[in-house]
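The values are calculated or read from the model by the stated rules, or taken from the named source; none is laboratory data. Just so it is clear, the model here is predicted, and its values are computed rather than measured. All Cβ positions, glycine included, derive from the backbone under ideal geometry; neighbour counts span all protein chains shown. These accessible areas exclude ligands, DNA and RNA; they are computed on the full protein's heavy atoms, side chains included. Shrake-Rupley method; radii C 1.70, N 1.55, O 1.52, S 1.80 Å.
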Amino acid sequence: MTAANQTVTRFAPSPTGFLHLGHAYSALFAHEKAGNRFLLRIEDIDGGRARPEFEAAIREDLAWLGLRWEEPARRQSDHMDDYRAALDRLDARGLLYPCFCTRKEIRAEIEESGFAPHDIPQGPDGLVYPGTCRALTAKERQQRRAEGKPFALRLDMAKAVYAAGSLLWTDADQGETAAQPDIFGDVVLARKDTPASYHLAVTVDDHLQGVTLVTRGEDLFAATHVHRLLQALLELDTPSYHHHKLLTTEGGERLAKRDKSQTIRALRQAGKTPEEVQAMAGMAP
Ligand code: GLU
């Protein structure tokens, strides 16, 4: 007798457009790696871009592809309290600070500090924040808040890394990996427009949903360094990871959301069958 495969995986699209072939591959990959539990999560905390009609289209396209997931699917915007609770825990440990900077101010600050353009510190998410607001006094913070200035909450990375110590995580292809969250600098954990961020929400959700294997594209490999750190700070479970290759066009370019001909919807309308789309995504039906 063999033990049941307990692996729990998820597909976590953002409802900001129609799913394309790359998403089909990612969803089928997650489904293939699942034991008897496959979950869907709608990552819609980006209120400015997420649309209910895209969520409906995601469900329809995934079902058409032949995928079945556990209901109810988790919709991030329904769980803002969970993210707030996580932020409160980090704040209570003195690991967060409010950041009032605009993108323009951040760029100006970096330019003024005399970096040659090719030396400007870049992290996986773009410019590394120079830490301007970390140095504000309690009084200055209070003043800016009283003025009604919008602020994000950033993680004090040096403090957080010190508090957590060295951390490891495992990727199915890369093996055991030492977490290097500091390459991101002081990441935003609560955005100005929404009291959460991608890094915070996925980490909390993967834990609360009991995901044991996170599968996603290799473009998010570095993000896992930050997620591993947050798991340690918030005492959350650490799943295993499997970052997969990204589908590319024949010319080797990454599939772009704007290439409408590669959406599952367009392929359906052009008369393709689910089996044909699965094959086009590189997954044998
Ligand atoms: N929502 C993310 C995306 O659509 C995926 C997040 C994840 O798998 O961790 O790219």
Here the qualifying pairs (Cβ atoms under 6 Å; residues six or more apart or on different chains; first in region 245-269 and over 21 Å from residue 218 (Cα atoms); second modelled with pLDDT under 85 and among the charged types (D, E, K, R)) come out as 266/260
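Inside region 43-118, counting only helices (runs of 4 or more DSSP H) that do not spill past its ends, which hold 1 or more residues that are acidic (Asp, Glu), open to solvent by less than 60 Å² (accessible area, probe 1.4 Å) and more than 27 Å from residue 145 (Cα to Cα)?
By residue number, 52-64.
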Would you say residue 59 is among the basic types (Lys, Arg), under 20 Å from residue 264 (Cα atoms) and away from the ligand (no atom under 13 Å from the Cβ)? yes
Test residue 32 against the stated conditions and say whether it is at pLDDT below 95, open to solvent by 30 Å² or more (accessible area, probe 1.4 Å), outside any loop (DSSP other than H, G, I, E, B) and not basic (Lys, Arg). no
Picked from region 252-284 (must be polar (S, T, N, Q) and surrounded by 12 or more Cβ atoms within 10 Å (Cβ to Cβ)), the residue farthest from residue 20 (Cα to Cα) is 273
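I'd like to check which helices (runs of 4 or more DSSP H) are fully inside region 138-251 and have at least 1 residues that are buried (at least 16 other Cβ atoms within 10 Å of the Cβ), within 16 Å of the ligand (Cβ to nearest atom) and on the phi < 0 side of the Ramachandran plot. Working first, answer last.
Values: elements: 138-146, 157-164, 198-208, 223-234.
Ranges flagged: 198-208, 223-234.
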key: residue 11 vs. criteria within 14 Å of the ligand (Cβ to nearest atom) and in contact with a His (Cβ under 8 Å, 6 or more places away or on another chain)   = yes
